[in-house]
Structures are given as structure tokens and as C-alpha cells.
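Undergrad: Once you've had a glance at the structure underneath, I'll fire off some questions.
The values are calculated or read from the model by the stated rules, or taken from the named source; none is laboratory data. Note that the structure is a prediction, hence the values are computed from the model and not measured. Ideal geometry is used to build each Cβ from the backbone, glycine not excepted, and the neighbour counts take in all protein chains shown. SASA here: full protein model, heavy atoms, side chains in, ligands and nucleic acids out. Shrake-Rupley method; radii C 1.70, N 1.55, O 1.52, S 1.80 Å.
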Amino acid sequence: DKRLLYFWEMNTLHEELINYSSNPISILDTTIPIQKYVCLNLSKDNKELFGLEITNHTVCQNYIDRVLHDKNGLIAYGGYLEERNLYNDKEGFSDSTKPIRNIHLGIDYWCAALTKVIVPIKGVVHSFKNNNVIGDYGPTIILKHVLGNHTFYTLYGHLSVDSLDGLFINKEFKAGDSIGRLGTPDINVNYAPHLHFQIIRDLEGNVGDYPGVCAKAQLPFYQENCPDPNILMKLK
């Protein structure tokens, strides 16, 4: 049965990711201690966001800065399967003719622009692209990984333009290598500086891009195809 085989493969991939490391993994500048990563809630149910124009990158940044200050942090992270208002002003997310896409499929790591992005697990370049449409990823890199008997992919979105310099298909990155830097709002197409990090089982033929937000009706598929990155990263 193909469905049973699919679930078995998903469960064993989860086990491989869980067993990869017993320690938390830094995905941004490794001089920033893990203790400086603090949780951020950008869900539509967060009462602190009521009345804020969170789609405005300056307003969003001010809120993130306040959270970092209050929690004595340097990197704010979170967002897996969050239902957000962050995309309400973005064309293609809230088209009246289609279901609203507002459920986030990766983890975001919010930090200062140009902060280094670190590869958590060895891989090779699958593809890269500057998705420079408002609301999209901006400069994006996808790596291909093999762990045990499993092939899967990681996506790094909202990078600086120079992060794409010198890349080529199958270029190797070791765990701990720098793959690029966080982009500024004008480059990462109107978001406060952050990394969108997503694990993807099947790219479905996509090159340099993959959906990072889905509609509620699509969630069962995407939740299976894009497991929680924190099973690899292990941040509390």
C-alpha cells in the first residue's frame, strides 16, 4: 500500500532527524549563544499584535525588537504552522478567488540584516533563485541532503543578494558552513530581516522555490511533506 509506505518513510525520516544531534543547533552566526534564541509568536491569536499593522516591516521589526529586549535575546524564532495575519497585504496570499494562504510551513529566525546563515547539516546545492516578488522569499537557496536512506531538502529564504554569488548546482556545504546572510527589507521583498528555514521531503519539481505558506485545506499534505524543522534544530 503506497499510503502506508509513505507514512513509514515519513516516520523514519523523523527518526533520522531526531537522532542527528542531541544538542540544539545554531542556524545563524555561531558567535550568538543558543541561550540568546527566544520564542516569538506572530500568530493571528497573539493579543499583543491586535491593532498593529504587522504587515508593515518597520512595525513588525519594532515588535520583534521589543520581544528581544524583554526576553534578553538576540534571535527571535518560531512560526511552524502558525496561522498569521502577516500576509494579509500580499498579493497571492489573500486573493479573493482562492483560499487564503496564511499557515506558515517553516521556522523563521529574526535577527539583524546581514547576519550569517549557517548550514545545520551537510548537503549540496539543489537550486537557487531570486524570488523578487513582494511577499516572496527574495534570494533563496535549496540544499539537497541524504541522511540514512532518506533524501530531503532544506530551503533558506530571505537572504542577501550576494548569498547567491559563486553558487552552482551540487556545490557542497558542510554542517557549520556559512551559506549566506540575511537580506534587508528591500531585498527580502518587504519583510523585517529574517531567515525562513523549511524542511521539505518532496520538492514536487520546484526549482529555487517551494511554498512556505499554505491554505488550511492544504495543511494535511504540507504538514506531512514539510516536517517541523525543530525536530532537527532542537531549540526549546
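Undergrad: Exactly one of (1) over 19 Å from Leu232 (Cβ atoms); (2) touching a residue at least 24 places away in the same chain (Cβ under 8 Å); (3) among the aliphatic types (A, V, I, L, M) is unmet by Val59. Its number?
TA: (2)
This table checks each residue for (1) of a type in the set (Asp, Glu); (2) under 16 Å from the mean Cα position of the chain (by Cα); (3) part of a loop (DSSP other than H, G, I, E, B).
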position	(1), (2), (3)
Asp45	yes, no, yes
Glu48	yes, no, no
Gln61	no, no, no
Ile64	no, no, no
Val67	no, no, no
Tyr87	no, yes, yes
Asp108	yes, yes, no
His126	no, no, no
Ile134	no, no, yes
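Undergrad: Ok, one more. Out of all the residues in the stretch 124-170, which are without any contact (Cβ under 8 Å) to a residue 24 or more places away in the chain and either in contact with a Leu (Cβ under 6 Å, 6 or more places away or on another chain) or crowded, with 16+ Cβ neighbours inside 10 Å (or both)?
TA: Lys144
Undergrad: Limited to the stretch 178-189, what total is found for residues that are open to solvent by less than 30 Å² (accessible area, probe 1.4 Å) and over 15 Å from Gly135 (Cα atoms)?
TA: Total meeting the criteria: 3.
Undergrad: Report whether or not Val117 is under 19 Å from His104 (Cβ atoms), among the hydrophobic types (A, V, I, L, M, F, W, C), open to solvent by less than 10 Å² (accessible area, probe 1.4 Å) and assigned to a strand (DSSP E or B).
TA: yes
Undergrad: Moving on to the next point. Pairs needed: first member in the stretch 212-231, assigned to a helix (DSSP H, G or I); second member anywhere, buried (at least 17 other Cβ atoms within 10 Å of the Cβ) and charged (D, E, K, R); C-beta distance under 7 Å; at least 6 residues apart or different chains.
TA: Between residues of the stretch 212-231 that are assigned to a helix (DSSP H, G or I) and residues that are buried (at least 17 other Cβ atoms within 10 Å of the Cβ) and charged (D, E, K, R), the close pairs are Asn225/Arg201.
Undergrad: If you check every pair at least six apart or on different chains, which have Cβ atoms under 6 Å apart with a residue in the stretch 177-205 that is under 15 Å from Val119 (Cβ atoms) and acidic (Asp, Glu) first and a residue that is at pLDDT 95 or above and open to solvent by less than 50 Å² (accessible area, probe 1.4 Å) second?
TA: Note: pairs meeting the criteria are Asp177/Val119.
Undergrad: While we're looking at this one, here's another question. Which residues, counting only those in the stretch 21-37, are crowded, with 18+ Cβ neighbours inside 10 Å and in contact with a helix residue (DSSP H, G or I) (Cβ under 6 Å, 6 or more places away or on another chain)?
TA: Within the stretch 21-37, Ile25 is the sole residue that qualifies.
Undergrad: So which pairs qualify, if the first residue must be in the stretch 80-96 and open to solvent by 50 Å² or more (accessible area, probe 1.4 Å), the second must be at pLDDT below 70, the Cβ gap must be under 8 Å, and the two must be at least 6 apart or on different chains?
TA: Asn88/Ser94
Undergrad: Would a scan of the stretch 101-113 turn up a residue that is at pLDDT 95 or above and open to solvent by 50 Å² or more (accessible area, probe 1.4 Å)?
TA: There is at least one residue in the stretch 101-113 that is at pLDDT 95 or above and open to solvent by 50 Å² or more (accessible area, probe 1.4 Å).
Undergrad: Considering Ala192, Ala175, which residue is open to solvent by less than 40 Å² (accessible area, probe 1.4 Å), modelled with pLDDT of 95 or more and not in a strand (DSSP E or B)?
TA: Ala192
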